[in-house]
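Please treat every number below as a calculation from the coordinates, not as lab data. This structure is a prediction, so every number in the text was calculated from the model and none was measured. Positions of Cβ are generated from backbone atoms using ideal geometry, with glycine treated the same way; all protein chains shown enter the neighbour counts.
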Amino acid sequence: MSDAARTLHIVGARPQFVKVAALLRAARHPERHSIVHTGQHYDAGLSSVFFDELGIPAPHTHLGIGGGTHAEQTGAMLPALEARLRETADPVVVVYGDTNSTLAGALAAAKLHVPLVHVEAGLRSFDKRMPEEINRVVTDHVSDHLLCPTPSAVEQLAREGITRGVHWVGDVMLDIARAEAERACATPLGRFLAGDDAAGPLPDFLGPALRGGYLLATIHRAGNTDDAATLARLVGALGDLGRTVVWPLHPRTRHAMVRLGVGLPPNVLTVEPLGYLAFAALLRHADLVLTDSGGVQKEAWFAGRRCVTLRDTTEWTETLLHGWNTLVGDDVDALRAAVAAPPPASPPDFSAYGDARAAERCMGIIEGLTAP
Ligand code: UD1
Ligand code: UDP
């Protein structure tokens, strides 16, 4: 992408690569866009695999800032982003979601009076112990253009007094889940899980065990990983389910398990973090999804898989309708009960999340800001 690009998309963590992929595919003027990668996620399995698989243009700037405490990470990003923003005349900045990269990008842009667009605005868990909640609230309150995935997000912003520059665009993760569904099914893993024995080389962790059915787990929230007793209780609960559980292990969780000495039950199969397509294939065929991820709650719902969420709150409240998603926190009895619950009586209704053309609407607004 060009040096003279006028819109900077600031991303740094796995879910943001998925979202920026959706937006840039909808660009009418790709030459007007540049990516700044903060470096928050740096392992290939959390970063470059998404750029490769989803065809995201290489970042124009890579800041290489990952790890550390919240203050260290966000603090290091700020001057680096400010310097980057000063290099480009009259840019627009787009930030995504609720990570420390979102917050740093938003603050750097707002302080320089650069027009700021927040994709996935208006979401709230109402739990300030979550760092993401602080990042969302601050970002929304300094943004000029707030692109909301749902009408309830628009209403929440209105309750906080934010009505200017607010748009309901739909959820960009629905766009990409739809767009990539066929490719996910066509991967060797997708074909194997659909029953094709000649699907080709499979990831080495997988085999006939999965043909008997499995649950898919992801866990990475600080609230679940940073306390030994909580993490041990959750992992123990996965063991007690007596089912095959496939668990792509986020590095934060992997480090925590080693540090806190949490062992693995034999029915729990941990694997390295997966690329988007392999993960989508596994999710589509899972009997159930257990997660504390924001994005994975939605993706399970979009794929018609029931989800049990290892959190007390969710910002994606529509997923709870008809029992498609159940919040159990770290309560193992509630977890067991939710896993055993009957399937929802009604199909998932995600009409509030748009029509899988959210990215087009986002880009219409963003490119309108830099139209010559
Ligand atoms: C971050 C986001 C979270 C998001 C998640 C997506 C914040 C506050 N948190 O959480 O909202 O849901 O990304 O996955 O922004 N690490 C590695 N390799 C990497 C990246 C991280 O080993 O490529 C390890 C490091 O020890 C690091 C730790 O994971 O200190 C935590 O990483 P960090 O990016 O700070 O937070 P996440 O837990 O990934
Ligand atoms: N994801 C993936 N491989 C994995 C786990 C998750 O590709 O092993 C994708 C998932 O499909 C979703 C995104 O990562 O698109 C969600 O990221 P994460 O759960 O890390 O962050 P959150 O959504 O909680 O902020």
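What to note about this one:
- When the Gaussian network model of the chain links Cα atoms closer than 10 Å, the mean-square fluctuations of Pro203, Pro15, Pro188 top out at Pro203.
- In the chain, helices alone account for a calculated mean residue ellipticity at 222 nm of -12500 deg cm²/dmol, with every DSSP H run of four or more residues adding -39,500 (n - 2.57).
- Mean separation of Cα contacts under 8 Å (6+ apart) over length of the stretch 85-159, as relative contact order %: 32
- Size of electric dipole in the chain: Cβ of Lys, Arg +1 and of Asp, Glu -1, about Cα centre, debye, nearest 20: 40
- In whole percents, the pair-distance distribution calculated for the stretch 329-372 from its alpha-carbon pairs, binned every 10 Å from zero, is 20, 22, 22, 18, 14, 4.
- Computed Rg/Rh of the chain, alpha carbon atoms with Kirkwood Rh: 0.96
- The stretch 28-72: Cα Rg divided by the 2.2 N^0.38 Å rule of thumb: 1.32
- The stretch 121-152 and the stretch 274-302: distance between their alpha carbon centers, rounded to Å: 23
- Note on the stretch 202-245: Cα convex hull, mean projected area over all directions, 3.8 nm².
- Two-decimal ratio, the stretch 267-372, of alpha-carbon radius of gyration to 2.2 N^0.38 Å: 1.27
- Convex hull of the stretch 1-159 built on C-alpha atoms - directionally averaged projected area, nm²: 9.0
- Cut-off under 5 Å, modelled amide H: who pairs with Val166 long-range: Leu146
- Compactness of the stretch 102-180 is given as radius of gyration and Dmax, 12.6, 37 Å, from Cα positions.
- Loop-resident trypsin sites (Lys or Arg not before Pro) (DSSP state other than H, G, I, E or B) in the stretch 24-84 with no more than 13 further Cβ atoms inside 10 Å of their Cβ: Arg28.
- Neighbour-limited loop hits for GluC sites (Glu not before Pro), the stretch 76-184 (at most 15 other Cβ within 10 Å; DSSP other than H, G, I, E, B): Glu160
- A cut-off of 5 Å between modelled amide H atoms, ignoring neighbours fewer than 5 places along the same chain, links Thr218 with Leu290, Thr291, Asp292.
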